[in-house]
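Throughout, read-outs are computed from the coordinates displayed, never taken from laboratory work. Everything quoted here is computed from the prediction, not taken from an experiment. Please note: Cβ atoms are built from the backbone with ideal geometry, for glycine as well, and neighbour counts cover all protein chains shown.
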Amino acid sequence: MKKLGSILKTAISLLVLVALALGAVWLLGVAHQGAPTAELSSPLATPTSPGKVTTSPPTATPTRENWAATATVWARITPSPFPIPPATPIGGLTTPTPAVGPPPPTMAPPKAFRAEYLEVADVRFVDFYAHFEFVGWSPDGTHILVEPHDPEHWKLHQRVPGMNSLLLGLWTMKADGTERRQVAEWATDSVTWSPDEKYIAYSVPAKEEGTEGEVYVADVETLKSWKVADSDFTPSLDIYWLPNGELTFLKDGHIFAVQADGKSIRQLNDIYIAPNTPKQLAPGLYKISPDGQRIAWTPGGKRELWISDLAGLHAKLITDKCYAPTRTTWSPDGKYLAFSADGRYGPVSSDLWVADADGSHPHPVATAEREWDFLAQPAWSPDGQVIAFARGAGSMDLSLWVVNRDGTALRRLGGKELGVVSTPWWSPTGTQVAYDRQRWEPSGLPNAAIITLKQEP
């Protein structure tokens, strides 16, 4: 009996060990299945064969190119993707929020936004190590476009003698900073996401220096890119998607439209927007309304702001004292245009204005209170009822403000926790506002930051 009992104990012990081993294997399998699959990097999708127009999206991965500036010339070097190290805190932030972590508090989009009820619920920075510049939201508000803003990962391109453009890498990622994917190795601020969310268009210089440019389209899913048109190379946003799927761009000062596959290029209208030259250092620019019905533009070298229909007819001069025209902004429904003009204290101030889509009824909705009080960089709420904007005495003294479209409830949003606010971008869902947090220390370079809003009552 004792011998039989000993055998039973041994058998039971072996069964327990086998069960534990099987359980461990099962747990490892579950953990593996639940592991995140976020893609931290991907093959670069930069321009292929500069100077050659591709009439349809290529099937092979494009050749990657990189430019390195020397004292007098540009040399080809082996491309290397911008590294994304683990997020680490930067000194000076009292309560930093990691880029990867619990999701920030959110709110259901209210029926209508009101400036008097908006508050800051959360602030987080896209990355703590690399410096990023925010350049756009995806149409559904789930992803963002950013450009690494670091001296080790940028290049200077001389458009005309004495005037350079900054070339940066272009990345897409989720709004919480995860799933980082590189779209292009070099691009300018001229970047736009198609309304159907399938493509990202961007511009690059065509040559090592000069004002000749090229427009490329990248497939969001594969990140393969192809050239669609030769263009003027300008420092600011000058490519837009029309509701019919065409992409607009500047060529020899005129506006053209092209399909995403590079076919069927046509001139959009007879509006002439002077490109920059050695004698004309301030290029013109244009803004197309989201509904594709109207266009606002500023001729090169002038501060005039004009509005017309897309065909260029029925043009109306809005102001000849436009301030920072690059941030002139259409409301999401295309019914209004927000812009800044010289304020009551002249060029050393600016007021925030709104005009109807046809250029009628231009009026200030917020005005400067003193010299060196600049109200600029407007961003519309998705319902077109509230305007967020940057206000301050200079680039390192800007705070975030909001005002209703009718000029009521002018107030500052948030406080010191936001830092220095530059170029706010309101998300398509309305629950968040992204901006470039300008910094004094340690480098003075920006961090892309995202505010989550709440509305009470």
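List the residues, sorted by chain then number, that are 5 or more residues from V365 or on another chain and whose placed amide H is less than 5 Å from its amide H.
Answer set, sorted by chain and number: L352, W353, V354.
Just for the Cα atoms in region 107-455, what are the lengths along the principal axes, largest first, rounded to whole Å?
48, 46, 41
Volume per residue, Å³, of the convex hull around the alpha-carbon atoms of region 301-347?
Values: hull volume 4.5 nm³, N = 47.
Expressed per residue, the convex hull around the Cα atoms of region 301-347 is 96 Å³.
What spacing in nm lies between the two simple spin-label points modelled at D291 and R266, each 7 Å away from Cα in the Cβ direction?
Here the modelled spin labels are 2.1 nm apart.
Where a Cα-Cα gap under 15 Å defines reach, which aspartates and glutamates qualify for K454, not counting those fewer than 8 residues away within the same chain?
E116, E119, D122
What do you get for Rg/Rh of region 307-417 when both radii come from the Cα atoms and Rh is the Kirkwood radius?
Numbers: Rg = 13.8 Å, Rh = 14.2 Å.
Rg/Rh: 0.97.
Can you run phi through the Karplus equation (6.51, -1.76, 1.60; θ = phi - 60°) for region 190-204 and list ³J(HN,Hα) in whole Hz, with x for Gly and Pro?
Computed from phi, the couplings for region 190-204 are 7, 9, 8, 9, 5, x, 7, 6, 8, 10, 10, 9, 8, 10, 9 Hz.
Taking amide H atoms as placed 1.01 Å from N in the peptide plane, list the residues 5 or more away in sequence, or in a different chain, whose amide H sits under 5 Å from that of V126.
Amide H to amide H, under 5 Å and 5 or more residues apart or across chains, V126 pairs with A448, A449, I450.
Return the percentage of antiparallel bridges among DSSP beta bridges fully within region 309-409, rounded to the nearest 5 %.
Values: 27 of 29 bridges.
Once the DSSP bridges in region 309-409 are tallied, antiparallel ones form about 95 percent.
With each pseudo-label sitting 7 Å past Cα toward Cβ, what's the R412-K207 distance in nm, one decimal?
Taking the two extended label points, one gets 5.0 nm.
Using only the Cα atoms of region 333-391, construct the convex hull and provide its projected area averaged over every direction, in square nanometres to one decimal. Before the final figure, lay out the partial values.
On the way: hull surface 15.3 nm².
For region 333-391, averaging the hull's shadow over all directions gives 3.8 nm².
When you have a sec, figure out the Kirkwood radius of region 360-411 from all distinct Cα pair distances and drop it here in Å to one decimal?
On the way: mean 1/r = 0.0864 Å⁻¹.
Hydrodynamic radius (Kirkwood, Cα pairs) of region 360-411 is 11.6 Å.
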